[in-house]
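Structure first, then comments.
The values are calculated or read from the model by the stated rules, or taken from the named source; none is laboratory data. All values reported here derive from a predicted model rather than from experimental measurement. Neighbour counts run over all protein chains shown; Cβ positions are idealised from the backbone, glycine included.
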Amino acid sequence: MRLLTICAGLVLGMGTFASSGLAQDLTDRLATADPDSGERLFRQCSACHTVEAGGPNRVGPNLYGILGAPVAADERFRYSASMKSYGGAWTPQRLDTYLTDPRAEISGTRMVFRGIRDPEDRADVIAYLNTFNDDPMQFGASDGADMEGEETAQPEEDFGQLVVAEGVEETWYACTACHSEMIVAQQGKTREGWDEMLEWMVEEQGMAELPETERDIILDYLAEHYNTDRPHFPR
């Protein structure tokens, strides 16, 4: 019995240490997080969410003031039962965990977003969301410049299997919020066919309407690189 008590104490202590370590890790990441990078990463979320104060709800709720707000707080939006039962508030730690793998964190959530696996990217997104708040939290964020005052170089973006050409960025962020880019690459459609698919996604799948200019850029890109002959289908 004494041995079991000692073992249980060790396990609990290790759990406390792990939680403390994770919290410290997030604190460190947020201290150097880049909201500008977060803005770029948030493009994959903007098909379903707005962030401006008073912005409309789309497939997902408006996210203004999400940091520190109670879960499922927007009375204008119809949340899933699982999201309502999640309860509590959106602390940075909780949001960091949720963004890692939403469906794993909240079983039954209607959000189809696959998650952000890179810890630094998650911190950048949280820092960006924090700027849309009446009372932003203080993370000790850097000013985005190195010690010599020069801008920090942004990492080269990875668009997976998609061919890198004009329009790839808009296509990537519009499509990969919910799908692997392979779903795009494996299709072969005319421009009209892609246009019909986007209409179907809006009308039947709940995707937000794309701005006309962005839609045209995406359609031009898809028609050029993923037409019926699929010239850039990965072999």
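Please go through the stretch 1-58 and pick out each residue that is more than 30 Å from VAL168 (Cα to Cα), out of contact with any helix residue (DSSP H, G or I) (no Cβ under 8 Å at 6 or more places or on another chain) and modelled with pLDDT of 90 or more.
Taking the stretch 1-58 as the starting set, the residues that turn out to be more than 30 Å from VAL168 (Cα to Cα) are 1-28, 31, 54.
Still in the list and also out of contact with any helix residue (DSSP H, G or I) (no Cβ under 8 Å at 6 or more places or on another chain): 1-21, 24, 27-28, 31, 54.
The answer is THR27, ASP28, ALA31, GLY54.
Can you pull out the helices (runs of 4 or more DSSP H) entirely within the stretch 168-214 that have at least 1 residues that are in contact with a Ser or Thr (Cβ under 6 Å, 6 or more places away or on another chain) and buried (at least 19 other Cβ atoms within 10 Å of the Cβ)? Steps first, answer last, please.
Details: elements: 168-175, 181-185, 191-205.
The helices (runs of 4 or more DSSP H) meeting that bar number zero.
Tally time: how many residues in the stretch 215-235 are at pLDDT 85 or above, over 27 Å from the mean Cα position of the chain (by Cα), surrounded by fewer than 16 Cβ atoms within 10 Å (Cβ to Cβ) and not hydroxyl-bearing (Ser, Thr, Tyr)? Break it down into steps so the answer makes sense when it comes.
Step one: filter the stretch 215-235 for residues at pLDDT 85 or above, giving 215-228.
Now narrow it down to the ones that are over 27 Å from the mean Cα position of the chain (by Cα): 224, 227-228.
After this cut, where a residue has to be surrounded by fewer than 16 Cβ atoms within 10 Å (Cβ to Cβ) as well, the list is 224, 228.
Still in the running and not hydroxyl-bearing (Ser, Thr, Tyr): 224.
Qualifying residue count, the stretch 215-235: 1.
Just to verify a result, which residue in the stretch 186-213, among those that are small (Gly, Ala, Ser) and modelled with pLDDT under 80, is farthest from the chain's Cα centre (by Cα)?
First, the residues of the stretch 186-213 that are small (Gly, Ala, Ser): 188, 193, 206, 208.
Narrowing the set further to residues that are modelled with pLDDT under 80 leaves 206, 208.
Details: GLY206: 17, ALA208: 15 Å.
The qualifying residue farthest from the chain's Cα centre (by Cα) is GLY206.
In this structure, does ARG94 turn out to be under 25 Å from ARG215 (Cα atoms) and either part of a helix (DSSP H, G or I) or assigned by TED's automatic domain parsing to the domain that holds LEU198 (or both)? If you could, list the steps in order and put the result at the bottom.
Values: under 25 Å from ARG215 (Cα atoms): no; either part of a helix (DSSP H, G or I) or assigned by TED's automatic domain parsing to the domain that holds LEU198 (or both): yes.
Taking the combined requirement at face value, the residue does not satisfy it.
Looking at the stretch 63-72, can you tell me whether even one residue there is within 14 Å of ASP124 (Cα to Cα), among the aliphatic types (A, V, I, L, M) and touching a residue at least 24 places away in the same chain (Cβ under 8 Å)?
yes
Taking ARG78 as the residue in question, decide whether it is touching a residue at least 40 places away in the same chain (Cβ under 8 Å), surrounded by fewer than 17 Cβ atoms within 10 Å (Cβ to Cβ) and either more than 23 Å from ASP135 (Cα to Cα) or in contact with a His (Cβ under 9 Å, 6 or more places away or on another chain) (or both).
On the way: touching a residue at least 40 places away in the same chain (Cβ under 8 Å): no; surrounded by fewer than 17 Cβ atoms within 10 Å (Cβ to Cβ): yes; either more than 23 Å from ASP135 (Cα to Cα) or in contact with a His (Cβ under 9 Å, 6 or more places away or on another chain) (or both): yes.
So ARG78 does not fit the description; no.
Quick one: in the stretch 215-230, which of the residues that are in contact with a Ser or Thr (Cβ under 7 Å, 6 or more places away or on another chain) and not aromatic (Phe, Trp, Tyr) is farthest from ALA174 (Cα to Cα)? Can you show your working first?
So in the stretch 215-230, the residues in contact with a Ser or Thr (Cβ under 7 Å, 6 or more places away or on another chain) come out as 218, 221-223, 227-228.
In the following step, the residues that additionally are not aromatic (Phe, Trp, Tyr) were identified as 218, 222-223, 227-228.
Working: ILE218: 9, LEU222: 12, ALA223: 16, ASN227: 18, THR228: 21 Å.
Only one residue fits best here, namely THR228.
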